[in-house]
Each structure stands twice: as C-alpha cells, then as structure tokens.
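These notes concern the structure reproduced below.
The values are calculated or read from the model by the stated rules, or taken from the named source; none is laboratory data. Because the structure is predicted, anything quoted here is derived from the model rather than measured. We place every Cβ from the backbone using ideal geometry, glycine too, and count neighbours over all the protein chains shown. Only protein heavy atoms, including side chains, enter the accessible area calculation; ligands, DNA and RNA are left aside. Shrake-Rupley method; radii C 1.70, N 1.55, O 1.52, S 1.80 Å.
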Amino acid sequence: MSPSEPSLRRAAAFAPSNIALTKYWGKRDARINLPLASSISVALADLGSYTVVQPQPDLPEDVMVVDDQELDPAGMVKVRRVLDQIRELSGSSVYAGLRSVNTVPAARGLASSASAFAALAMAAAQAYGLALDGPLLSRLARSGSGSASRSVPGGFAIWHAGHRADGADSFAEQLYAPDYWPLKVLVARIGGRKKISSTEGMRLQGGGGSPYQAAWIEQCQRDVESCKEALSLKSMRRLAEVVEGNALAMHASMIANRPPLIYWQPATLAVIEAVQQLRADGCECCFTIDAGASVVVLVEPQDARIVAETLAQIEGVEEVLQTHIGPGARIVESREEDL
Ligand code: 2P0
C-alpha cells in the first residue's frame, strides 16, 4: 500500500436486474461493451444482486465469490476491468475481496450479470472512497456487462448508445421513476441453463453471422423512439406493439444466424400465444423474451392475477415469479460476516 492510499473500507450495494423493452443485441466495441443501438428497460424491484467489496492490502490479486463459488477466470477478467478503472480513479493499488449473492436465477434468460456488475461498480466506488455521479457509475458497470449500465439508474431507463470511441457518452439514465406506471412484471421461467451466453451470441451474430443484422439494428433505432412515445402515453396497446415486435425481431435475427441461436423451448411459444389471447380477451399485458427460453410479461395490476394463473398452467413453465418495477443500484449496510 502506498503512503498516499485513499481511505479504504468495506462497502456493499444492491442492484436490480432489468428487463429490456427494446433490446441491446449488437456491439460496436466488444472490449468495453459499446452498443450499436440505444435500449430501454425496466428495473425489477426485488430480483438482483447484493455485492460486498473489501479492499485488502495483503491480497496478491482480486478474488470474487458468487453464490458460494469462486468466480471463473473469464468472469474475473470482466470484474478486474471494472475494479482497475476504480483503482485508477482513486489512486489505489490495493486488491479486493468480493462476495456477491444473486436473487436472480442465473443463465435462464434473466440477466444476472446486469445486477451483478451494477452492484459491483457501486459498492467498489464506495469501498475505494469515490463519490461518482450516476452516468460515470453506469459507464463503469457497462464495461463489465453492457446491460448493467441500465441497472444503475433503475426505474424506466434508457441506455444511450453514444458515438464516441471511448464510450464517454454511452451510459444509462432514468426516463421515469418506478411508480410512474406501476406495472407488474411476471417471469414465466422455462428451461435449463442456456447454452450460448449473451456475450458469445452477440459475438457470433456481429461477425457477419446473421443476414438480418443491419435491419435488426435499424429496427432498434426506430423502436427506441416508439417505446419512448408509448411510455409517455402509458398506452399498453402501443407498448405491446413495440416491445413484442422488438423481442421477436431480435429472435428472428438470432434464429437466422449461422450457426443458429435458438433460445426458445416449446413452452416459450405457448406463453407467447397465451399472452396474445389474454390481450385479445381484454387483459392489459405484453411479453418480451431475452437470450433464453423464459418469457417476461408486463401487466397492469388489475390483470396480474389472471395472467399469472394462466401462465402457471402451461406445460413447461416451471414457475411464475411476480415482481414490479423498482429503483436502481444503492448502497446498503455491509455485514462483517459477509466477507
Ligand atoms: C438486453 N440482453 O437488452 C439484451 C436482450 C440479452 C438479450 O443485455 O456481453 O449480458 O455482458 O455486454 O449485458 C445481455 O447482454 O452482455 C443482454 P455483455 P449482456 O437485456
């Protein structure tokens, strides 16, 4: 530890997972996760990651335990990318011990990396004595995992694609607070661990794999504007058109990739059909699907029960999680026994 080391302390943060209404699926820079298009998301109230960071002068390198398992080397590369930037900003050379607990089912089409890296950026900044603003925290989280940028502000958030090569203008900010439109969020959990990670899927597709890649990115740019409009009107009919259309366009471009990226299970299609039927019957709801088989449904509170009950009866749906839209990453009490 150098004599000019900043004050170091143990710090903990909770960050929510988030669900994209218009998706991030394509990078202009894979090294620091710069997207080809902007995206819009909602944060989930109680599904996320709790992360503790303890800088320790005697550690020879950073170590991280996630859900009681030491993080693999590929994961540590991303963690170090975030921590190295924080150490540079704080002028510290001290490594840290980290522990993270997820309340999100990993690799089932719900992004646990989004909440994990948002919590990591916020806790580490505090641990290394930095007071960073929202955009900078969002950029730091983004460099670990792109979608993590949107978990920092929470609520209804937009991640600006930006144009700069250094990513200074590629961060997320809140469009609306969580209670602006108090929709319920249902997650119909389907299938086991996904076979191809998002990072790898985007790499395959970005390398000229999908004949629809350019059209997909152009569609995202239009959809971000339509989504902003649907949110400003709180119109479920308009939201359903853009959110479902955007998710289906992403999966169309994935399926057309060579090699194909097929994340769906038969139950995925059954849930899509059920949601469309429920809407035709008057329920205010719409679906979206990430890089996995699970389906997420946004629904007006008065219709949440009937939608949840209907989805739970579909063969192949393992569980229907119920939550609502919540705030972004925040510092929480750290407990000594956590590390
Ligand atoms: C999204 N996904 O916008 C989209 C929809 C998956 C499908 O953001 O490589 O885990 O770490 O930047 O953030 C998943 O991508 O990928 C994702 P990396 P990330 O939510």
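Averaged over residues, the count of other Cβ atoms within 10 Å places the peptides 153-159, 143-149 in the sequence 143-149, 153-159, highest first. Each of P259, S7, Y50 was scored by the projection of its Cα onto the charge dipole of the chain, and the greatest displacement toward the positive side belongs to P259; charges sit on the C-beta of Lys, Arg, Asp and Glu. Between 0 and 90 degrees, the angle of helix 213-233 with respect to the longest Cα principal axis of the chain falls at about 80 degrees.
Ranked by the mean number of other Cβ atoms within 10 Å of their residues, highest first, the peptides 20-27, 266-273 come out as 20-27, 266-273. If you take the square roots of the eigenvalues of the alpha-carbon gyration tensor of the range 237-291 and sort them as a ≥ b ≥ c, do you get rounded (a/c under 1.5), prolate (a/b over b/c) or oblate? Verdict is oblate for the range 237-291. The fraction of accessible area contributed by carbon and sulfur in the chain is 51 percent, rounded to a whole number (1.4 Å probe; ligands and nucleic acids excluded).
The residue among I331, A157, A119 whose Cα reaches farthest toward the positive pole of the charge dipole of the chain, with charges on the beta-carbon of Lys, Arg, Asp and Glu, is A157. Rounded to the nearest 20 debye, the dipole size of the range 184-322 about its Cα centre is 400 debye, using +1 on the Cβ of Lys and Arg and -1 on the Cβ of Asp and Glu. The residue among A308, I196, L36 whose Cα reaches farthest toward the positive pole of the charge dipole of the chain, with charges on the beta-carbon of Lys, Arg, Asp and Glu, is L36.
Largest GNM mean-square fluctuation among R81, R99, R31, using the chain with Cα springs under 10 Å: R31.
The range 34-51 and the range 54-107 have their alpha-carbon centroids 20 Å apart.
The overall shape of the range 184-322 is oblate: from the C-alpha gyration tensor, with semi-axes ordered a ≥ b ≥ c, the ratio a/c is 1.5 or greater and a/b is no larger than b/c. The length gained on full extension between R305 and D67, counted as 0.36 nm times the residue separation minus their Cα-Cα distance, comes to 82.5 nm.
Under the shape rule built on the C-alpha gyration tensor, where the axes satisfy a ≥ b ≥ c, the range 81-165 is oblate, since a/c reaches at least 1.5 while a/b does not exceed b/c.
Enumerate by residue number the GluC sites (Glu not before Pro) in the range 1-92 meeting two conditions: DSSP loop (anything except H, G, I, E, B), and at most 16 other Cβ atoms within 10 Å of the site's Cβ.
Within the range 1-92, the qualifying GluC sites (Glu not before Pro) (loop, at most 16 other Cβ atoms within 10 Å) are E61.
The angle separating the long axis of helix 236-255 from the principal Cα axis of greatest extent in the chain is about 70 degrees.
Over the chain, calculate the relative contact order: mean separation of alpha carbon pairs under 8 Å at least 6 apart, over the residue count, as a percent. That works out to 25 percent.
Taking the Cα centre of the chain as the origin, how large is its charge dipole in debye, to the nearest 20, when only Lys and Arg (+1) and Asp and Glu (-1) carry charge on their Cβ atoms?
So the magnitude is around 720 debye.
Short-range pairs are left out: with C-alpha atoms under 8 Å and at least six residues apart, the relative contact order of the range 184-322 is 42 percent. For the chain, lysine pairs separated by 8 or more sequence positions, or belonging to different chains, with Cα-Cα distances below 26 Å total 15. Working ranking of peptides 166-179, 43-56 by packing, defined as the average number of other Cβ atoms within 10 Å per residue, highest first, is 43-56, 166-179.
Using Cα atoms only, what is the angle between the long axis of helix 73-90 and the major principal axis of the chain, expressed in degrees (0 to 90) to the nearest 10? Computed tilt is about 60 degrees. For the range 73-219, relative contact order (Cα pairs under 8 Å, six or more residues apart, normalised by length) works out to 19 percent.
In whole Å, how far is the Cα centre of the range 248-316 from that of the range 190-245? Using only Cα atoms to place each centre, the spacing works out to 14 Å.
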